[in-house]
Structures are given as structure tokens and as C-alpha cells.
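All remarks here apply to the structure that follows.
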């Protein structure tokens with residue numbers, strides 16, 4: 001979507017990121033670069049380290065070592081709040097919604113509109129804003145005052161994505177956003193990704209639905225056992241090539257491990 | 001977008017029913033406890049002569065004031081899926097120490113502030129271990145229950161300490177404003193503030209979120225540990241207030257006050273429909289739950305039933321409420337965990 005001019009500053013560069021959990025090396029020195037407005041597909045088999053890498057970028061996991069440069073400035077995140085303040089939003093695989101809180105409350109969780117000098121929730125504004133945001137994203141949830149626990153899986157995912165998108169992030173990380181969705185809802189999400197990236201928002205998309213990647217991605221980064229194995233141009237890469245990189249085989253038996 | 005349009009009508013129907021279910025489910029237990037309360041009120045009004053008198057009802061409010069104050073705070077703790085078992089001991093310790101320091105000639109205002117600060121400190125310790133050190137609050141507060149009761153016994157050597165009736169501080173427990181007992185007024189104000197905080201402030205929202213999906217809340221950047229600690233400070237503070245209410249009402253601080261108080265408070269909260277698993281809370285339900293317990297105790301005494309039956313009836317009602325909670329209301333989606 002966006003040309004990567006040589007002189008243009010990358011939106012984010014992660015350099016030599018390492019993270020170990022006990023005896024498991026989750027990340028063994030990963031370097032990842034994303035340009036402004038670029039859509040990068042992050043793929044890899046289960047336990048390749050995709051989610052951990054993205055949690056590092058979102059501030060939910062503190063890496064053991066490594067460097068993150070955001071908009072040309074070195075940054076470090078002690079909490080998701082730090083990452084969020086820079087404009088990094090993440091939609092987690094496990095949805096991360098509070099089932100007992102209503103749609104509007106989940107959309108604004110952690111940054112509710114307030115009144116009375118910040119003491120009280122501005123519930124009316126919250127519902128009005130929620131309605132406006134959902135409509136702007138073509139997300140069809142008629143009522144914003146029902147607990148999200150009462151919604152369908154697709155609706156819940158839509159709320160989770162809307163939560164991230166509606167606050168104007170610079171970098172949006174989507175972890176398996178389409179895994180639980182019906183076909184029509186997948187289309188909506190892919191359209192949403194295109195719309196967002198056209199507004200110069202960078203997107204990192206983690207998915208196992210490889211066919212989605214070629215529809216929206218500029219680059220495809222393949223992870224394998226805690227390392228970045230390949231950085232491919234989405235335009236000039238075949239599905240076969242991608243699959244063989246994911247399973248770390250040169251040729252053959254490539255479909256075997258996928259499903 | 002075109003694809004979602006085709007499913008619109010269908011989806012509106014499902015969400016309407018979802019909303020209906022959610023609303024019934026959310027309020028079913030509060031409605032149920034309100035019905036139980038009304039039935040009990042009618043029953044006692046007809047069976048006990050002096051029950052439905054203004055004097056008795058005001059007296060009833062004064063009796064349940066300590067329970068209501070602590071139950072308000074306990075609603076926050078239980079909403080985070082925590083529990084505070086130490087409130088009964090904190091009541092005993094704060095009442096005893098209040099009487100002791102007053103006997104040593106402390107200024108009553110200073111003594112009051114010191115006792116409330118002590119309660120908050122006890123809550124802080126509970127909260128620090130539970131929230132920052134991730135030790136199960138059941139264990140932490142069980143240990144504090146023992147420590148605080150022991151401290152109260154040690155401080156008083158087991159004797160009750162009288163409080164001078166001429167001090168202004170006894171008005172907290174015994175005074176009346178326009179005929180209404182001060183403890184009742186205090187309890188109602190605290191319950192209303194609690195309701196406002198739980199339903200209308202970001203903090204209340206985070207308390208529910210912490211009990212519903214704490215990890216989700218943490219990822220949005222909320223300091224969940226601080227929220228988790230604060231709710232225990234609230235119960236500690238509320239328990240100290242209850243201790244002051246009880247000691248000043250009786251004009252005496254006793255290390256045996258508040259025995260089993262924590263269970264009465266938890267019963268009131270759970271009766272009201274707040275889920276022990278967190279995430280679902282009803283402050284109105286807590287108020288109704290506390291009233292129900294008070295009406296049972298008061299009514300049975302007026303009927304000259306042995307006071308020993310009070311606990312049996314209260315326990316039976318709790319069991320019934322939990323049973324209804326998990327078996328009957330679950331049908332409306334009230335329980336999701």
C-alpha cells in the first residue's frame with residue numbers, strides 16, 4: 001500500500017528480541033521491521049513465538065533483552081499502558097473482553113469518558129461514542145448496554161477489534177482476528193484492515209488462515225522456533241513457498257503438518 | 001458489508017433475547033431477595049405485635065448498621081473474586097483499642113482517626129499479600145483473622161473496657177438525628193456512596209473487570225494490583241467503622257465483639273446476588289441481603305423464638321439462595337463460570 005522510500009523512518013523496528021520462560025527459549029533474537037501503513041503478516045506454526053513477540057511489542061511481556069525503536073526513537077515498555085500511549089494497540093487471540101461488562105464498557109475499558117473532574121464515568125457519552133464507533137466500522141451490534149458475555153463469538157471479536165481500532169492507533173496488532181469468525185465476518189475484518197492501513201496505520205496480522213494474508217499483506221514474516229526464518233514480499237510469494245517456510249521444509253510434506 | 005446486511009434481522013432478534021436474558025439474569029437474584037424480604041416483613045408484621053412499629057424498625061436499622069457498612073465494602077472485595085475473613089476480628093480489635101485509648105485519656109477525635117487508620121492499615125496488609133504477592137486472599141485474611149483476634153485479646157486481657165458515656169464519641173453509636181439512630185444514617189450513607197462508586201466510577205468498573213477478566217483489564221493498562229489492594233483497604237476501614245459503631249453503642253470495647261461477623265457479612269453479600277466468583281455485583285442486593293438477615297434476627301426475637309434458631313434460619317436461607325443462584329437463575333444466564 002505504501003511505498004517504502006529509503007529515507008522514510010520505519011514505524012517500528014524490533015531488534016534482537018530475546019525472551020526465555022524457564023527452560024523454554026520463546027524468542028531467540030528476533031528482528032522485525034514494519035513501515036508506516038504497511039500490513040505485515042506474521043506467520044509460523046504453533047509455539048513459533050508469534051504471540052510472545054507481539055506481546056513484547058504491546059508491552060504485555062517484558063523481553064529479557066533486545067531493542068525496540070518506534071518512529072525513530074528507542075523505547076521500552078514496562079506495561080501495556082506505555083505501548084498504548086505511543087499508539088500501539090493489540091487485539092489478543094483470547095479476546096480479552098470482560099464478559100460481565102457491557103459492550104460500551106468493554107470498548108472504553110481503561111480509558112472511560114469521565115465527568116465531574118475525572119471522578120465519575122460519563123455513561124451516556126460512553127454509549128453514544130460506542131454507537132458512533134461501531135457504526136463507523138460497520139459492526140452490527142444493536143445494543144451497547146448488554147454484557148459481552150451474551151454476544152456471539154463473531155460479535156465479541158468485532159468488539160475486541162473495534163476497541164483497538166477506534167482509538168486511532170499508529171500500529172495495530174491483530175492476533176488471530178478471524179479465527180472464530182463466520183465467512184462474512186472475515187470479509188468485514190479484512191476490509192477493516194485495508195481501511196485502517198490506508199490511513200497510514202501499520203498493521204501486524206497474525207493468522208493461520210494463509211489465504212487471508214495474500215489479500216491484505218504487503219510483507220510476510222515467517223517465524224520458526226523463536227527465530228524469524230523468512231521475510232517475504234507478499235506480491236511475489238506463492239502459497240507453496242510460504243507453507244514450506246512455515247514448516248521449515250524445502251519441499252514436500254508441506255501440507256502434512258498444517259492441519 | 002453487504003454480507004453482514006443479510007443477517008441483520010436475525011441478529012437483532014438474538015441480541016434482543018440476549019439482552020432480555022442478561023437483564024433477567026443480572027437482576028433475578030436481587031428480585032428474589034427483595035421478594036423474600038417483603039414476605040418476611042409481611043409475615044412478622046402479622047405474627048409479631050411490636051414488629052411493624054417505627055421504633056422497632058429504626059432499632060432494626062441500628063442493629064444491622066455494622067453489617068451493612070462492612071457488607072458494602074465486602075461487595076467490592078467479592079466482586080474482584082476475593083474474600084475478607086478478617087473483618088470480624090478487625091471489629092473486635094478496633095472497638096477494644098478505641099475503648100483502651102479513650103481510657104488513657106486520648107482526645108476522642110484523635111482516637112477515632114487513629115482507629116480508622118488502623119483498620120485501613122490492616123486492610124492494606126491483607127491487600128498487599130493478596131494482590132501484590134498473589135497469595136490466596138482466603139488464606140491471607142484467615143491468618144489476619146487469627147492475628148487480629150489474638151491482638152485484641154492480648155490488648156484487653158479478655159476484659160471489656162468501658163467507654164465514658166460523657167464523651168461525644170458515644171453519640172456515634174447511641175445518638176439520634178431527628179429520631180433516626182446515627183448508625184442507621186451512617187450505614188445508609190455509606191451504602192449509597194458504595195453503590196455510586198461501584199456503578200458510576202472508573203474504580204467500580206475496574207473492580208468488576210478485575211473479577212470478570214483480570215488479565216483483560218491489566219492489558220488495557222489499568223493497575224489491577226492497586227485496584228485489588230484498594231478493595232481490602234475498604235473492608236479494613238469499614239470493619240474499623242463497624243467496630244466503632246458497636247463499641248460506642250454498647251459503651252464498651254470487647255475483644256469478643258464481632259465473632260462470626262465476617263460470615264454474616266458474606267451471607268448478606270451473597271444473598272444479594274453478588275457472585276463469589278467475581279464479576280457480578282449488586283449493591284442494592286447487598287443492602288436487601290443485610291436487611292433480610294436483620295429482619296430474621298429481629299422478628300424471631302420478637303416472636304420469643306430461641307435466639308439460637310436465628311443462626312439456623314440465616315444459614316438455611318443462605319444455602320437456599322446459593323442453590324437458587326446455581327440451579328434456577330443459571331437458566332437465565334446469570335452464571336457463566
Output for the range A:168-190, where each listed residue is without any contact (Cβ under 8 Å) to a residue 12 or more places away in the chain and either closer than 22 Å to residue A:87 by Cα or in contact with a helix residue (DSSP H, G or I) (Cβ under 6 Å, 6 or more places away or on another chain) (or both) = A:184, A:187
message = Regarding the range A:74-94, can at least one residue be identified that is within 13 Å of chain B (Cβ to nearest Cβ), surrounded by fewer than 20 Cβ atoms within 10 Å (Cβ to Cβ) and over 17 Å from residue B:222 (Cα atoms)?
response = yes
All positions within the range B:220-248 that are within 11 Å of chain A (Cβ to nearest Cβ), surrounded by fewer than 24 Cβ atoms within 10 Å (Cβ to Cβ) and over 13 Å from residue B:82 (Cβ atoms) = B:220, B:221, B:223
note = Considering the range B:207-219, residues that are within 14 Å of residue B:76 (Cβ to Cβ), facing chain A (nearest Cβ under 8 Å) and in contact with a helix residue (DSSP H, G or I) (Cβ under 8 Å, 6 or more places away or on another chain), and then whichever is surrounded by the fewest Cβ atoms within 10 Å (Cβ to Cβ), we arrive at B:208
remark   = How many residues of the range B:35-66 are closer than 20 Å to residue B:176 by Cα and assigned to a helix (DSSP H, G or I)? The answer is 13
query = For the range A:194-216, what are the residues that are touching a helix residue (DSSP H, G or I) at 6+ places or on another chain (Cβ under 7 Å) and either more than 24 Å from residue A:156 (Cα to Cα) or within 14 Å of another protein chain (Cβ to nearest Cβ) (or both)?
reply = A:194, A:214
query = For the range A:164-182, how many residues meet the condition of being surrounded by fewer than 23 Cβ atoms within 10 Å (Cβ to Cβ), under 14 Å from residue A:137 (Cβ atoms) and at pLDDT 85 or above?
reply = 1
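Can you find even one residue in the range B:148-160 that is over 15 Å from residue B:93 (Cα atoms) and either in contact with a strand residue (DSSP E or B) (Cβ under 8 Å, 6 or more places away or on another chain) or away from chain A (no Cβ under 14 Å) (or both)? Let's see the steps before the verdict.
The initial filter retains those residues of the range B:148-160 that are over 15 Å from residue B:93 (Cα atoms), namely none.
Among the residues of the range B:148-160, not one is over 15 Å from residue B:93 (Cα atoms) and either in contact with a strand residue (DSSP E or B) (Cβ under 8 Å, 6 or more places away or on another chain) or away from chain A (no Cβ under 14 Å) (or both), which makes the answer no.
Would you check which residues across the range A:52-65 are more than 8 Å from chain B (Cβ to nearest Cβ) and in contact with a helix residue (DSSP H, G or I) (Cβ under 8 Å, 6 or more places away or on another chain) and list them? Explain how you work it out, then say what you get.
First pass over the range A:52-65, keeping only residues more than 8 Å from chain B (Cβ to nearest Cβ): A:52-57, A:59, A:61-65.
Passing the criteria: A:57, A:59, A:61, A:62, A:63.
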remark   = Okay, helices (runs of 4 or more DSSP H) sitting entirely in the range A:102-181 with 1 or more residues that are over 18 Å from the mean Cα position of the chain (by Cα), within 22 Å of residue B:200 (Cα to Cα) and at the interface with chain B (Cβ under 9 Å from one of its Cβ atoms), I get A:103-107, A:123-136
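What are the residues in the range A:190-206 that are crowded, with 22+ Cβ neighbours inside 10 Å and either modelled with pLDDT of 85 or more or within 24 Å of residue A:45 (Cα to Cα) (or both), if any? It would help to see each step written out before you state the result.
Keep residues of the range A:190-206 that are crowded, with 22+ Cβ neighbours inside 10 Å, which gives A:192-193, A:196-197, A:201-206.
Selection gives A:193, A:201, A:202, A:203, A:204, A:205, A:206.
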Checking residue A:221 against (1) within 24 Å of residue A:49 (Cβ to Cβ); (2) away from every other protein chain (no Cβ under 14 Å); (3) modelled with pLDDT under 85; (4) buried (at least 16 other Cβ atoms within 10 Å of the Cβ), the condition it does not meet = (3)
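Yes/no matrix, rows are residues, columns are (1) farther than 23 Å from residue B:288 by Cα; (2) within 14 Å of chain A (Cβ to nearest Cβ); (3) modelled with pLDDT under 95; (4) in contact with a strand residue (DSSP E or B) (Cβ under 9 Å, 6 or more places away or on another chain):
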position: B:167; (1), (2), (3), (4): yes, no, yes, no
position: B:170; (1), (2), (3), (4): yes, no, yes, no
position: B:181; (1), (2), (3), (4): no, no, yes, no
position: B:202; (1), (2), (3), (4): yes, yes, yes, yes
position: B:205; (1), (2), (3), (4): no, yes, yes, yes
query = Are any of the residues in the range B:81-90 more than 28 Å from residue B:304 (Cα to Cα), in contact with a helix residue (DSSP H, G or I) (Cβ under 8 Å, 6 or more places away or on another chain), within 14 Å of chain A (Cβ to nearest Cβ) and modelled with pLDDT of 85 or more?
reply = yes
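Only one residue in A:228, A:205, A:220, A:242 is part of a helix (DSSP H, G or I) and in contact (Cβ under 8 Å) with a residue 60 or more places away in the chain, so which one is that? Let's see the steps before the verdict.
Numbers: A:228 fails: part of a helix (DSSP H, G or I); A:205 fails: part of a helix (DSSP H, G or I); A:220 fails: part of a helix (DSSP H, G or I).
Within the list A:228, A:205, A:220, A:242, the selection yields A:242.
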ask   = When residue B:183 is evaluated against the numbered criteria (1) surrounded by fewer than 23 Cβ atoms within 10 Å (Cβ to Cβ); (2) within 18 Å of the chain's Cα centre (by Cα), which criterion, by number, is the only one it fails?
value = (1)
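The values are calculated or read from the model by the stated rules, or taken from the named source; none is laboratory data. Predicted, not measured: the structure shown is a model, and the values here were computed from it. Reconstructed Cβ throughout: ideal geometry from the backbone, glycine too, with neighbour counts over all protein chains shown.
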